[in-house]
1. Are there any pairs, at least 6 apart or on different chains, whose C-beta atoms fall under 7 Å, with the first in region 177-195 and of a type in the set (Phe, Trp, Tyr) and the second modelled with pLDDT under 85 and not in a loop (DSSP other than H, G, I, E, B), and if so, which?
2. Out of region 89-109, which residues are open to solvent by less than 30 Å² (accessible area, probe 1.4 Å), farther than 20 Å from Gly52 by Cβ and not small (Gly, Ala, Ser)?
3. Quick one: in region 224-260, which of the residues that are touching a residue at least 60 places away in the same chain (Cβ under 8 Å) and farther than 30 Å from Gly150 by Cβ is most open to solvent (accessible area, probe 1.4 Å)?
4. Considering each of Asn71, Asn86 in turn, give the residue that is more than 20 Å from the chain's Cα centre (by Cα), open to solvent by 60 Å² or more (accessible area, probe 1.4 Å) and within 16 Å of Tyr300 (Cα to Cα).
5. Of the conditions (1) within 18 Å of Gly150 (Cβ to Cβ); (2) surrounded by 18 or more Cβ atoms within 10 Å (Cβ to Cβ), Ala214 clears all except one; give me its number.
6. Within region 118-132, track down each residue that is among the charged types (D, E, K, R), closer than 9 Å to Val76 by Cα and under 24 Å from the mean Cα position of the chain (by Cα).
7. Can you pull out the residues in region 185-214 that are part of a loop (DSSP other than H, G, I, E, B) and over 23 Å from Trp256 (Cα atoms)?
8. Please go through region 167-184 and pick out each residue that is open to solvent by 30 Å² or more (accessible area, probe 1.4 Å), farther than 14 Å from Leu116 by Cα and not in a strand (DSSP E or B).
Amino acid sequence: MKPRFLSASLMLGVLLTAFDAHAVKVSLLIDFDPSSAAQTVIVESIAADHKGLLYACDRVSGKVWRVDPKNPKLVVVGRVQEREINGKKVRANVSGIVFNQAGDLYLTAGGFGEVLRIRSRYLDADEPGIAQTFATQTEGANGIDFDGNGNLYVTGGRNGRVYRTGPEGGKAQVFAQVPPQIRLLPDGITEQATTANGIVFDKARTTLYITDTARGAIWKLSVGGNGPANQPALMTQSALLEGADGPAFDYLGNLWVAANERNALVLVQPDGRVFDIHKNDSKGPLEFPTSVVFVDATAYVSNFDTPRRDNLAADGKTSIEGIGASIIKIAP
């Protein structure tokens, strides 16, 4: 009997339907500070270069690390320096991190309201490069990605804006606006108002997906050339997306989202259906996850480890439980 082959579209449907969250293997790739589970290191996002090497930036030290998943250790290849603003030392507070096609590394600096860049040739373990200003007027700079024409898009976090600048950088312009929303968290005190957080383009790099942390939702934004923006359209909203951040697409076209308030990793199918890939308590391995990146079929997730919601340990902090700032590996 001849073997039976499924069409690409049918195979995709079978795989989407048959996805088994219990089949994935979740493990620790690297702990940024093995000596402490407290926030001695703060990493919000990770990126992967064309070789499959991972990169992360520590808000505290300003170090830009490179990590080889096959031999995980921290190698400093760049630095983000503090600045003196109005007589005070201010950290960049890097949130988003991404590569362009040329291999240059871009980092959002919310503390400066800018996007920074380290050229590929300066990502050097022997002489780490210093991040330089690439784009300005990006208040609240947070998520970051490039469209197919090399234009850079940056989210403004609480202000709900999506900024855009051309491949050469400079002054960014407001490209789109996610409607404002404020949600009171269960403690009755903390307000969540971040409506434009992590972003990612689809494979064609023509549609931008925006995680709305305040609503627990995903917005879609069509990007047509260099013309004006369309209004964002709500793709899906779910209680499972509580704390949505740091999205990434897998090779099947599913959107993986870090649901940080729930200590969970969530999968959003193209039709908007949502379900958990993995969820745990404050002991980890997910500890307020904030960013996902893929290398082939393997996902890597950064742990921000903020002591909130499902990541809140018994001492009201995170110091007695879990790993702390780290990268988690999720293999099929």
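1. Every condition considered, no pair remains.
2. Val94, Thr108, listed by residue number.
3. Here the answer is Glu242.
4. Details: Asn86 fails: within 16 Å of Tyr300 (Cα to Cα).
Only one candidate qualifies: Asn71.
5. With (1) within 18 Å of Gly150 (Cβ to Cβ); (2) surrounded by 18 or more Cβ atoms within 10 Å (Cβ to Cβ) applied to Ala214, the lone miss is (1).
6. Asp124
7. Leu185, Pro186, Asp187, Gly188, Ile189, Thr190
8. Within region 167-184, Pro179, Pro180, Gln181, Ile182 meet the criteria.
The values are calculated or read from the model by the stated rules, or taken from the named source; none is laboratory data. Predicted model only: the values in this text are computed from it and were never measured. Every residue, glycine among them, receives a Cβ derived from its backbone with ideal geometry; neighbour counts consider all protein chains shown. These accessible areas exclude ligands, DNA and RNA; they are computed on the full protein's heavy atoms, side chains included. Shrake-Rupley method; radii C 1.70, N 1.55, O 1.52, S 1.80 Å.
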